[in-house]
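Worksheet: one structure, shown below.
Every number here is computed from the coordinates shown, using simple stated rules; none is lab data. What you see is a predicted model; the values in this text were computed from it and never measured. Cβ placement follows ideal geometry from the backbone for every residue including glycine, while neighbour counts extend to all protein chains displayed.
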Amino acid sequence: MTPGRDLPFAQRVIDWQRRHGRHDLPWQRTQDPYRLWVSEIMLQQTQVTAVIPYFTRFMASFPEVGALAAAHEDDVLAHWSGLGYYARARNLHRAAQVLVEQHGGRFPRSAAALAELPGVGRSTAAAIAAFAFGERAAILDGNVKRVLARWLGVGGWPGDGKVQSGLWEAAERLLPDQDIEAYTQGLMDLGSQVCARTSPRCEACPVASDCVALREGLTDRLPAARPAKALPQRETVLLVLARGGEVMLEKRPPTGIWGGLWSFPELALDDDPQRVSEQRYGAAIAPIEALEPIEHGFTHFRLRLQPWLAPVTALTPQANAPGRLWLPVSDAIGAAVPAPIRKLLRSLEGFDRKP
């Protein structure tokens, strides 16, 4: 039986979390702001089950903020590879350096100060401050937006400025005077485990008795979806220079998609692979071979990658210019490469074509 409306919203969430919420995630049962910070950044737009193995490996390699600050960016990106949204990893690395350089390796204790760190927004800062320091601060991630929009009957897309502003006001208003840690975790758990985007388990919800969306039959329409917009399609060519079981990777610019990661050289659709190989990369190549195209979706567009396998017959010193690496395929798979490139590399395992 779910609690009635005689208890405040926050107290019902707290009581539910203590009985039914998650308590054994690898970043729980601690007030270490470093572990909490890393987990919150990883959890942005990523499900808990996907984050757990990444978090465990990350903590093993970078157990405290000083280790992360001292790490090479390539190592950080390699540990992040597959989680996507790589700006999160670059900001995490930069924020660690800021914490060491400007704060002596200590975390600010307020949400307002935490929000000044690279990559730490208002909701993430509030979660860290609540869990690590017990600060009474409101969170508003995607799950919480959905809970509040349904319970309050708020129409409109939560990404809209006015709608989001109203939800922030509600989030602040509903904060309890105590037990902020259980309340914050409870909102997260409620949104992910009960008030799901599709097929919400309203019978298990502690605030169902006065939920506007449930009462008015609007759970499938609240919160409103992002306004429909056709995603543009882009296409690019990847040049897979291969020699003696090794392939050449090129470091991408620090900004833009896959910023700072290693990938195969990217060509325009009308580029001549032979000419580009020789003039830009100092590699003479045998006839190229088209590999299976790769489709990859981003938030704002879809990308079609057409790889061309280019067996290298001769190299000049230009092929080893800064920003380029020649690696065995098995080593390249473990490097800081985007997920679609790792998929392509796995298809090349065992390739050992001699010039």
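Observations on the model:
- Distance (nanometres) between label positions extended 7 Å along Cα→Cβ at Ala339 and Gln45: 1.2
- Relative contact order of the range 9-215, pairs being alpha-carbon contacts under 8 Å that are 6 or more residues apart, as %: 25
- Hydrophobic long helices, here whole DSSP H runs in the chain with Kyte-Doolittle means of at least 1.6 and Cα atoms spread over 27 Å or more along the helix axis, are not found.
- Label selected from (i) 28; (ii) 38; (iii) 22, the criterion being percent of Cα pairs over 35 Å apart as computed here: (ii)
- Measuring r between the beta carbons of Asp220 and Gln28 and using R0 = 22 Å, the FRET efficiency lands at 0.10.
- Spin-label zone in the range 277-304 - amide nitrogen under 17 Å from a point set 7 Å from the Cα of Ala268 along the C-beta vector: 277-281
- Taking the centroid of alpha carbons for each part, the range 135-153 and the range 89-118 are 25 Å apart.
- The range 276-310-the range 258-272 distance, computed between alpha-carbon centres (Å): 7
- Multiplying the residue separation of Asp177 and Gln233 by 0.36 nm and subtracting their alpha-carbon distance yields 15.2 nm.
- Residue among Trp258, Leu315, Ala71 farthest towards the positive dipole end of the chain, charges placed on Cβ: Trp258
- Length added when fully stretched, Tyr85-Gln193, from 0.36 nm per residue minus Cα-Cα: 36.5 nm
- Stokes-Einstein translational diffusion, the range 1-133 - Kirkwood Rh over all Cα pairs, 1.306 mPa s, 10 °C, in µm²/s: 100
- Listed residue pairs exceeding 23 Å between alpha carbons, taken from Lys251/Lys343; Lys229/Lys251; Lys145/Lys343: Lys229/Lys251; Lys145/Lys343
- Loop-located chymotrypsin sites (Phe, Trp or Tyr not before Pro) across the range 268-355 with a Cβ neighbour count of 15 or fewer within 10 Å are Phe298, Phe301, with loop assigned by DSSP.
- Multiplying the residue separation of Arg109 and Arg304 by 0.36 nm and removing their Cα-Cα distance gives an extension gain of 65.7 nm.
- Under the criterion of Cα pairs below 8 Å and six or more residues apart, the relative contact order for the chain equals 18 percent.
- Taking all Cα pairs closer than 8 Å and separated by 6 or more residues, the relative contact order of the range 198-294 comes to 16 percent.
- 222 nm mean residue ellipticity, helices alone, for the chain (DSSP H n ≥ 4; -39,500 (n - 2.57); rounded to 500): -12000 deg cm²/dmol
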